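Worksheet for the structure shown next.
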Amino acid sequence: MTAPQSGQHSGRLRRLRQRIVTVCVVMMLVGAAWLSVVFDTHFDLTHGSRATLSAPSLTLLETLDGPLEIKVFAAPNRRQRQSAANLLERYIRFKSDLQVSYKNPAQVPAELRELDVNDEGDMVVSYRGRTRLVTKHTEAALSSALAHLARSEERWLAFVTGHGERDFLGLANHDLGEFGIHLTSIGIKPQPLTLTSVGDIPTNTAVLVISTPEVALLGSEIEHIKRYVREGGNLLWLAEPNARVSLDWLATELDLSFVPGVIVDPNTTVMGINQATIVVLTDYQPHTITTSFELVTLLPETVGLEISNAAAWQTAPLAFSSPDAWAESDLSSGVASFDDGDRRGPLLIAVALERERASPTGPGRQRIVVVGDGDFLSNTYLGNAGNLEFGTAIINWLSHDDALISIPVRNAPDQRLVLSRLDALVIGVGSLFALPGGLALTGVVVWWRRRRR
């Protein structure tokens, strides 16, 4: 009689344990569901945290102190509509007064023509009576549009022309046309400036750009630029080594000079670059322009800068060459070697200058940036490394849009997953047959072992 009672007792204990485990599992699931409702927590494991808004975008949203409206033109059940919703969800999470509406393009043809909407999935962003069309569902595209709308007015970037300078509207390899297109997209409008025809530089110029001319400027043109600098105008000077035309008169105004020769860096060969005159910037000096800037910048041919101790300017170095670099004064043989006449690094490559304005010609203090190379923003080299980002940060700082300096201008590299036919076949067979078959086989083995007990 003892054995049956013992067996019944152990059976009751086993069933009790099963019920306790079941209750615990149910309680854990209910608790997890409750926590998911009460606490909104997100984990982003994508490259560069692509599924989460970057800190600059969050800062930008904070500057938009009024309601923001976004219209998405995409039909229901279309891929573009879901793509836009996934992007906008990240913005709605941090801006409660963001209003999003979805419109079927087939039902609003008149509104499409009015807003110049052409493609399925296009978004129209409206803020304080101003609108902007966004055609790509990326943080870079949408945040750039928001940066454009955040500017109280369009910024005018005037670039001196008529002497063989780089053209912000040009398509030649040495021109800056692609950079000009990017600036236009973020609310900065490049305009050619012919000093012989307009006389004084327009007072609504946010930034004046001077690149190295091929022919000398006239005396009257030089005086116009000097007056602009003396009265507090913002300036970007893209210098070059071994320039044909000297701009010493401008260097004197800024209390700086140039190191003779072109900078040569032997470390570039270690990075797989065969051109020794390309300077690779990886470390930057602390400044608003370089805040959180961790990208590499490539400068093809660079001249070193020297700053005097004049008290008129508050100077801030932005970047130096490596200590192993030097200013090569003679490259006629095609071979670079350090000689007695050369200057050893580190050499100053980019510098920011500030001072109080002599007259109230714009907001804040006068700002000037001098870079020892203009090629890094040219059509040929703009797409390399962080050249576009560095140039954009400089322009934003010069135009007193500090809050927009760190806005991302390019997308993360893992936007698409490209699979070969073999990869797709393996994934398809594995998910449809291998995984379910493995689970079924495991269940059969467990059942068979329990039956043998």
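Overview of results
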quantity	calculated
Strands (runs of 3 or more DSSP E) contained entirely in region 166-284, each with at least 3 residues that are within 27 Å of the chain's Cα centre (by Cα)	188-193, 205-211, 235-238, 279-281
Some residue of region 226-236 being under 24 Å from residue 338 (Cβ atoms) and in the same structural domain as residue 166 (by TED's automatic domain parsing)	no
Residue in region 312-332 that is in contact with a helix residue (DSSP H, G or I) (Cβ under 8 Å, 6 or more places away or on another chain) and hydrophobic (A, V, I, L, M, F, W, C) present	yes
Residue 301 being closer than 17 Å to residue 373 by Cβ, under 30 Å from the mean Cα position of the chain (by Cα) and assigned by TED's automatic domain parsing to the domain that holds residue 174	yes
Filter result (surrounded by 15 or more Cβ atoms within 10 Å (Cβ to Cβ) and among the charged types (D, E, K, R)) within region 193-252	221, 231, 240
Hits in region 376-404 (condition: within 21 Å of residue 241 (Cα to Cα) and more than 14 Å from the chain's Cα centre (by Cα))	376, 377, 378, 379, 380, 381
Residue that is surrounded by the most Cβ atoms within 10 Å (Cβ to Cβ), among those in region 377-397 that are among the aliphatic types (A, V, I, L, M) and in contact with a Leu (Cβ under 6 Å, 6 or more places away or on another chain)	377
Boolean, residue 172 is buried (at least 22 other Cβ atoms within 10 Å of the Cβ) and either at pLDDT 90 or above or not hydroxyl-bearing (Ser, Thr, Tyr) (or both)	no
Residue in region 63-74 that is in a helix (DSSP H, G or I) and either of a type outside the set (Gly, Ala, Ser) or exposed (fewer than 12 other Cβ atoms within 10 Å of the Cβ) (or both) present	yes
Among residues of region 34-58, those that are at pLDDT 70 or above and surrounded by 10 or more Cβ atoms within 10 Å (Cβ to Cβ), counted	10
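The values are calculated or read from the model by the stated rules, or taken from the named source; none is laboratory data. Quick caveat, the model's predicted, so the values are computed rather than measured. With ideal geometry, Cβ positions are generated from the backbone for all residues, glycine too; neighbour counts draw on all protein chains shown.
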